[in-house]
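Trainee: Quick one: this structure, given as structure tokens, is what I'll be asking you about.
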Amino acid sequence: MPTPKRFIAGAVCPRCAEMDKIMMFTTDDDDQVRECVACGFTDAVSDAPPAPANPELETRVNKRGNEDDHTVKQVVFFKSGEED
């Protein structure tokens, strides 16, 4: 159900930089729309999660297999010859 248009106090238009000229409302499709009454700028935001168009980019972090040995190993300190 669409909501009534309401002005957003203190909001600045990204196009014309006018303050207190932005209205917010929700459409029938549950999209939140902001609209500037000074210059006509409109922007819609949907609450639905976007479908992943592109898979995750492959980087050196996510494309290699984790083959590390995660066992605990003992650390041995050696004395130098001068400390005897």
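Trainee: Looking at segment 40-83, which of the residues that are β-branched (Val, Ile, Thr) and under 30 Å from residue 17 (Cα atoms) is modelled with the lowest pLDDT?
Mentor: Restricting attention to segment 40-83, the residues satisfying the condition of being β-branched (Val, Ile, Thr) are 42, 45, 59, 61, 71-72, 75-76.
Within this subset, residues satisfying the condition of being under 30 Å from residue 17 (Cα atoms) are 42, 45.
Working: 42: 95, 45: 85.
Within segment 40-83, the match that is modelled with the lowest pLDDT is 45.
Trainee: Let me ask something additional. Counting just the residues of segment 26-45 that are touching a Cys at 6+ places or on another chain (Cβ under 8 Å) and open to solvent by 40 Å² or more (accessible area, probe 1.4 Å), which one comes out nearest to residue 1 (Cα to Cα)? Let's see the steps before the verdict.
Mentor: Keep residues of segment 26-45 that are touching a Cys at 6+ places or on another chain (Cβ under 8 Å), which gives 36, 38-39, 41-42.
Checking which are open to solvent by 40 Å² or more (accessible area, probe 1.4 Å) leaves us with 38-39, 42.
Details: 38: 26, 39: 27, 42: 20 Å.
Going through the qualifying residues, I end up with 42.
Trainee: Does residue 23 satisfy the criteria of being touching an Asp or Glu at 6+ places or on another chain (Cβ under 9 Å), surrounded by 11 or more Cβ atoms within 10 Å (Cβ to Cβ) and either of a type outside the set (Gly, Ala, Ser) or without any contact (Cβ under 8 Å) to a residue 24 or more places away in the chain (or both)?
Mentor: Criteria met by residue 23.
The values are calculated or read from the model by the stated rules, or taken from the named source; none is laboratory data. Since this is a predicted model, take the numbers as computed values, not measurements. Note: ideal-geometry Cβ built from the backbone for every residue, glycine included; neighbour counts use all protein chains shown. What goes into the accessible areas is simple: the full protein's heavy atoms, side chains included, and nothing from ligands, DNA or RNA. Shrake-Rupley method; radii C 1.70, N 1.55, O 1.52, S 1.80 Å.
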